[in-house]
Amino acid sequence: MADPKIHRQGLDPLLAGGRLTVDLRALVANWRDLAERSRPARCAAVVKANAYGLGLDHVVPALARAGCSTFFVALPEEGVTVRRLAPEAEVFVLNGIHAHSVATTAEAGLIPVLGDLSQIELWEKHCRERGIRRPCAIGVDTGMNRLGLTPEEAIAFGRRNRTDHVVVVVMVMSHLACADSPSHAMNAKQCESFQQVAAAFEGIESSLANSAGVLMGGDYLFDLTRPGIAIYGGGAVNGIENPMRPVFRLEARILQVRHAAKGETVSYGATVELKRDTKIATVSVGYGDGYPRSGSGSGVPLRAAIARGQKGYLGAQRVPLLGRVTMDLTMFDVTDVPAESLEDGWIELIGHNISLDEAAVAAGTIPYELLTGLGARYDRRYIDATGS
Ligand SMILES: *Cc1c(COP(=O)(O)O)cnc(C)c1O
C-alpha cells in the first residue's frame, strides 16, 4: 500500500513546540463502527466546537466521503463552514435561533433545532414573511433542563403541526443527561418520555442517542443517532473499556535536558522536591496550549483528590510530570530514559500510550473538555483517509 498522504495546518513544523497528528483513517473507522452499532438507525456526526478541536476542515470531508450525510453543530457560523465543506449534507444547529441569528440560519440552508415555543414562532414568522418554507427540528427537554420544549408542549405542538403545518419539522430530538452511566435510572425515564413525544410526530425522524446512547443501543437508537466524542476516540461511558480507536497524538518538543541534584525543586511554587539526582526534560507545551495546569505533578488542589498528575511517554516508558505545568513549558522526569530515546526529541502527551481518557482523569476533567481546549499553537498533521 502506498504511504498515506499527510496534510499540514497550523504552525511551521520546524518551529512549533507541539505537534498534533490526527489519523483520519481511525476517525473514519470509528464513525463506521458507530454507524454499524446504530443500525437500523442512520448515524450522523456531531462536529461542534471545530470537530471537538480536531479541525472541521479535515474531519467533515473525511466523514462525508465515508458516507456521513448529517452533521450537527452548535452555532450557525460552524454550520456555514460545514455546508461549504459538505454541500450535499444536512446540517443541524443545536443551539437553535435567536433574533440575530434567524436570518443567517435560514439563508445558509441550516436546520435549527428549535428549543422553545418562541423560537418556533420566530422561525414561522421569518419563513412566512419571506414566503419560504425551510426545514427545522424540534428540541425537547426530557431531563437536562438546558434547552427544549417540555414534553407536554412538544406533544401538543406535534399534534397541532400535523394539521396546521406551522413549520416544516424534519426531526424531533432530545438529549440524554446520564448516558455515561448506563445503569442510571434517568436513562430509561428519558427514553420513555421521548417515545411519547416521538409518537406525536408520526412520520418524522426522531433522535435521542449521543455516543453513550449508541453504545447502550436498543430502544435508545430511534431513527438517527448523534455521536460526537466516540468518533474522536474519547470514552463515552464510565466503567467500561473504551471500544473506540485513538484518533490523534499530541507530542511536545524537548527543548532541553538538564540535571538537578537530590533536594532541589522544580517549577513555580517549588512544590516538588527531588528525591534523587534527576534528569529533567523541559518540553515546549504548557497550559497556553490547552495542556491543563490542573494536571501538574504537584502543587495544584486536584492532587489532594487524585494523587497522580499527567504522564508523558517516550522510549517505551511513561515519565512523570514534575511540579507545575507552566504557560509554555512543562517538565518531565526522564532519569530512567536511555539517552538514545531522548534523541528523538519529542514526548507523547496524549495518544496511543497515554490515552485521552487517562489524560483527562489526571487533569480532573473529561475527554471532551481536554480535547476542545487544545489550542492553536500546534503543527497539525492530518493523515489522509482517502482509500480507506
Ligand atoms: C454534544 C452533543 C451530542 C454529542 O454528544 P457526545 O457525548 O459527544 O456523543 C449529541 N447531542 C447533543 C444535543 C449534544 O449537545
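At-a-glance table
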{"read-out": "Expected-Rg normalisation [2.2 N^0.38 Å, Cα atoms] applied to the range 334-373", "value": "1.45"}
{"read-out": "Solvent exposure ordering (accessible area, 1.4 Å, most first) of F222, F92", "value": "F222, F92"}
{"read-out": "Value at 222 nm in deg cm²/dmol, rounded to 500, when DSSP H runs of n ≥ 4 in the chain each add -39,500 (n - 2.57)", "value": "-8500 deg cm²/dmol"}
{"read-out": "Low-density loop positions, GluC sites (Glu not before Pro), the range 42-127 - DSSP coil, at most 16 other Cβ in 10 Å", "value": "E88"}
{"read-out": "Rounded to the nearest 20 debye, dipole of the chain from Cβ charges on Lys, Arg, Asp, Glu", "value": "260"}
{"read-out": "Dipole of the chain [Lys/Arg +1, Asp/Glu -1 at C-beta], most positive-end residue of I306, A198, H98", "value": "I306"}
{"read-out": "Proximal lysines relative to K275, as straight alpha-carbon distance under 28 Å, when same-chain residues fewer than 8 apart are discounted", "value": "K262, K311"}
{"read-out": "Relative contact order %, the chain, counting alpha carbon pairs below 8 Å whose residues are six or more apart", "value": "21"}
{"read-out": "Amide H partners (placed H, <5 Å) of W346, local residues excluded", "value": "I254"}
{"read-out": "Alpha-carbon Rg with Dmax, taken over the range 270-352, Å", "value": "12.3, 36"}
{"read-out": "Per-residue HN-Hα couplings for the range 348-358 [Karplus 6.51, -1.76, 1.60; θ = phi - 60°; Hz; x = Gly/Pro]", "value": "6, 9, 9, x, 6, 9, 10, 6, 4, 5, 5"}
{"read-out": "For the chain, Kirkwood radius (reciprocal of mean inverse C-alpha pair distance, Å)", "value": "22.6"}
{"read-out": "Dipole magnitude of the range 65-115 about its Cα centre (Cβ charges: Lys, Arg +1; Asp, Glu -1), debye to nearest 20", "value": "100"}
{"read-out": "Computed label-point distance, nm, for sites A304 and D164 using a 7 Å Cα→Cβ extension", "value": "5.6"}
{"read-out": "Antiparallel bridge percentage (DSSP; both residues within the chain; nearest 5)", "value": "55"}
{"read-out": "Fraction of alpha-carbon pairs over 26 Å apart in the range 64-175 - percent", "value": "16"}
{"read-out": "Alpha carbon Rg of the range 157-230, scaled by the compact-globule rule 2.2 N^0.38 Å", "value": "1.16"}
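The values are calculated or read from the model by the stated rules, or taken from the named source; none is laboratory data. Because the structure is a prediction, the values reported are computed rather than measured. Every residue, glycine as well, gets a Cβ built from its backbone with ideal geometry; the counts of neighbours run over all protein chains shown. Note: areas computed on protein heavy atoms with side chains; ligands, DNA, RNA excluded. Shrake-Rupley method; radii C 1.70, N 1.55, O 1.52, S 1.80 Å.
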